[in-house]
Amino acid sequence: MNKLLVFLALCSAFIVLPTSGRVVCYFTSWTIYRPDHGKFSASNIDPNLCTHILYAFVGLREDGTVSVLDDWELTGLEEMAHLQAIKEQNPDLKLILSMGGWNEGSAKYSTVAGNPSLRQSLVDSVLAFNDQYGLDGFDLDWEYPCQRGGVDADKANFITLLGELKSALNARGQTLSAAVSGGIASCKLSYDIAAVAENLDMINVMVYDFHGAFEPFVGHYAPLYASSLDQTDEQKTLNVAAGIEYWLDQGAPASKINIGLGTYGRGFSLADAANTSLYAGTYGGSEAGPYTREMGVIGYNEVCELYSNWEYIWDDEQQVPHIVNGNQWIGFDDARSLQIKVEYANSKGLGGAMVWSLDTDDFSGICGGGKYPLLNTINQYLN
Ligand SMILES: *[C@@H]1O[C@H](CO)[C@@H](O)[C@H](O)[C@H]1NC(C)=O
């Protein structure tokens, strides 16, 4: 190597390495079934772009134990061996077992959290699972206490469960985190925020999915700020800044909060292709993408590979982009909006970022901006 190359190599080492904030990345085991460029497995993970990798998801059995019964989870557990190999390349990387998610619902969690012996089963089962697979912590994605089949007592029982998990994990040098709602109305139903914060090492605030095909009108899935087109008081709070500030105001320490960042978007089929405004009528989700294969949801990798010729509109008020093509409207995050969100997180002194999820960044660099353009942006700008 000549001197210039050595110099450049040293510079890039200094530019890339000194990230002190946490970058907590969800790895979703089911993405190995996606076709073509969309197929994502643990071998695609860059060991140096995340401080924590959260294996999503395992489920919960009625008896309080970790459930690994599904086919995809069995296949996914083979991926656990690949995750161990990734960790060998970065000994500081933490591997975390994540339980729950939207599809798991709330009822089983409510039952287990409300029963002391079932709570003990869960603690024991998590510790045994982590021992078996050499994991460094546990992440609970109960969506959500007191909702979707839960009961009012969940609010207190959630705290008790977290407290028992945290003392058992911390005694072994392991970490407890939870994915929590970033919607204020949902938070009021589910959480005693100060107590939740006290009983967690990291709080992954899901400040996304504020709008989507579950509503009959256009809205960005994760605007940083409110829009002047927001009408109701609730609409004005359905944004990243309002969600983060609510957690802070209610007593969560900034250092424990990881701001939730998406590598995806949500889209609509417009009722009238001529009206692309926020709150314009829709008749359902945008057409499914070839990799994520779900109406109304799209990966950044699909946007950059397949929709780069669509019209790109930047919303100055909300500080996020959307793209439009005919009757299709998709709001998403790109490097520009994620840089601004990370700078916002820095300004609030937050401890880091949580990323949902690795598989929809341009992880193989097929759009020409190098591998993982979004995750690299997050690492570059996070304090
Ligand atoms: C677009 O839809 C919004 C929401 O329904 C409405 O307020 C607005 O007037 C419409 N704009 C046009 C140009 O039709």
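The values are calculated or read from the model by the stated rules, or taken from the named source; none is laboratory data. All values derive from a computational prediction rather than experimental measurement. In this analysis, Cβ positions are derived from the backbone assuming ideal geometry, glycine residues included, and neighbour counts consider all displayed protein chains. The accessibility values were calculated without ligands, DNA or RNA, using every heavy atom of the protein model including side chains. Shrake-Rupley method; radii C 1.70, N 1.55, O 1.52, S 1.80 Å.
Key figures for this structure:
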quantity: Over 21 Å between alpha carbons, listed pairs Lys94/Lys188; Lys155/Lys188; Lys87/Lys341; Lys94/Lys341; calculated: Lys94/Lys188; Lys87/Lys341; Lys94/Lys341
quantity: Contact order relative to length of segment 168-291, as percent, for alpha carbon pairs under 8 angstrom and 6 or more apart; calculated: 28 percent
quantity: Per-residue HN-Hα couplings for segment 48-60 [Karplus 6.51, -1.76, 1.60; θ = phi - 60°; Hz; x = Gly/Pro]; calculated: 10, 9, 10, 8, 9, 10, 9, 7, 10, 10, 9, x, 10
quantity: Vicinal HN-Hα couplings computed from phi for segment 232-240 (Karplus, 6.51 cos²θ - 1.76 cosθ + 1.60; Hz; Gly/Pro x); calculated: 7, 4, 5, 4, 5, 9, 8, 8, 4
quantity: All aspartates and glutamates inside 13 Å of Lys348 as judged from Cα atoms, apart from same-chain residues fewer than 8 positions distant; calculated: Glu245, Asp249
quantity: Label-to-label distance, nm, for residues given as Glu62 and Trp30 (7 Å Cα→Cβ offset); calculated: 2.3 nm
quantity: Cα centroid separation - segment 97-151 against segment 249-320, whole Å; calculated: 30 Å
quantity: Point-to-point label distance, Tyr283-Asn346, nm (Cα→Cβ direction, 7 Å offset); calculated: 4.6 nm
quantity: Set of aspartates and glutamates near Lys108 by C-alpha distance (under 15 Å), chain-local residues within fewer than 8 positions excluded; calculated: Glu62, Asp63, Asp141, Glu143, Asp152, Asp154
quantity: Within a Gaussian network of the chain (alpha carbon springs, distance under 10 Å), most fluctuating of Gly370, Gly289, Gly299; calculated: Gly370
quantity: Å³ per residue enclosed by the Cα convex hull of the chain; calculated: 142 Å³
quantity: Beta bridges per DSSP with both ends in the chain, % antiparallel, nearest 5; calculated: 35 percent
quantity: The chain - percent relative contact order, Cα under 8 Å, separation 6 or more; calculated: 17 percent
quantity: Table column - 3J(HN,Hα) (Hz), segment 360-375, Karplus curve with 6.51, -1.76, 1.60, x for Gly and Pro; calculated: 10, 6, 7, 5, 9, x, 6, 8, x, x, x, 6, 6, x, 6, 5
quantity: Most to least packed among 130-140, 46-56 [average Cβ atoms within 10 Å]; calculated: 46-56, 130-140
quantity: Volume in Å³ per residue [convex hull over Cα atoms, computed for segment 161-241]; calculated: 108 Å³
quantity: Amide H contacts under 5 Å for Asn258, placed H, 5+ residues apart; calculated: Ile203, Asn204, Val205
quantity: Estimated [θ] at 222 nm from DSSP helical runs (n ≥ 4, -39500 (n - 2.57)) normalised by residues in the chain, nearest 500; calculated: -10500 deg cm²/dmol
quantity: Ile340 accessible area, 1.4 Å probe, all protein chains in place, Å² to nearest 10; calculated: 40 Å²
quantity: Ranked by how many other beta carbons lie within 10 Å on average, peptides 277-287, 163-173, 24-34 from highest; calculated: 24-34, 277-287, 163-173
